[in-house]
Each structure stands twice: as C-alpha cells, then as structure tokens.
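Taken together, the values in this text are just the output of simple stated rules run on the coordinates, not laboratory data. Only a predicted model underlies this, so the values are computations on that prediction, with no experimental measurement involved. All Cβ positions, glycine included, derive from the backbone under ideal geometry; neighbour counts span all protein chains shown.
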Amino acid sequence: MDHILARIKGVKLEDIKNALKADAQKHAEQGLILRHLWRNADDPDEILFIFTTADLNRSRKFIETVHAQAREEDPHANLPDMVFLKGE
C-alpha cells in the first residue's frame, strides 16, 4: 500500500476537515482513502493528513490535475504540499 502525505499552512483545521469530508466520495472514486489528520504540535498553523492508495500513479495524476485546475482559477491558491510515498 502506498501513501500520500499532505502538508498545508494557513488553513483552519475545521476548514480542512470540511473540505476533506466534502471531497471524500471523489477521493474514494480515485482510490484515495483518508487515514489520519493532524495539527503539528510544534507549529499549530500547519495541518498534515495522509491518504492510502493502491495505485500511486493514478492518485498522483488525479491530485496534479485538481491542483492545476485550482491554480488556473486562483494562481495564489493555498494548496497542500504533497509527498508521494511508495510502499515496499
């Protein structure tokens, strides 16, 4: 199983929870399952969350497409940094 770690700053935890809840079905259709959501204890302005996926390439393409569309709509959109983790 592969993982995708997301890190974002400057967003309220509740807003991230709501966005992830609203997108849960779309994520599931792309094979993304949200596993955990955290606030950084050393930096309360930073939120981290992690997905599991059975197809890292498919998930990466989906996320890159969604982020590209968001940047087209707003070049200054605050999007999470994504780290794609390959399981062994």
Lys/Arg Cβ at +1, Asp/Glu Cβ at -1, dipole of the chain taken about the Cα centre: which of 11, 65, 27 is farthest positive-ward? 27
Determine the relative contact order of the chain: mean sequence separation of Cα pairs under 8 Å and six or more apart, normalised by residue count, in whole percent. 47 percent
In debye, nearest 20, what is the charge dipole magnitude of segment 2-85 about its Cα centre with +1 on Lys and Arg Cβ and -1 on Asp and Glu Cβ, if you could check? 240 debye
To make sure I understand the rule: partners must be aspartates and glutamates, Cα under 16 Å from the Cα of residue 17, and not fewer than 8 residues away in the same chain. Which ones qualify? 45, 46
In the list [x] 16.3; [y] 12.7; [z] 13.5, the entry giving Kirkwood radius over Cα pairs in Å computed from the coordinates is [z]
How far apart, in nm, are the 7 Å Cα→Cβ label points at residue 25 and residue 5? 3.2 nm
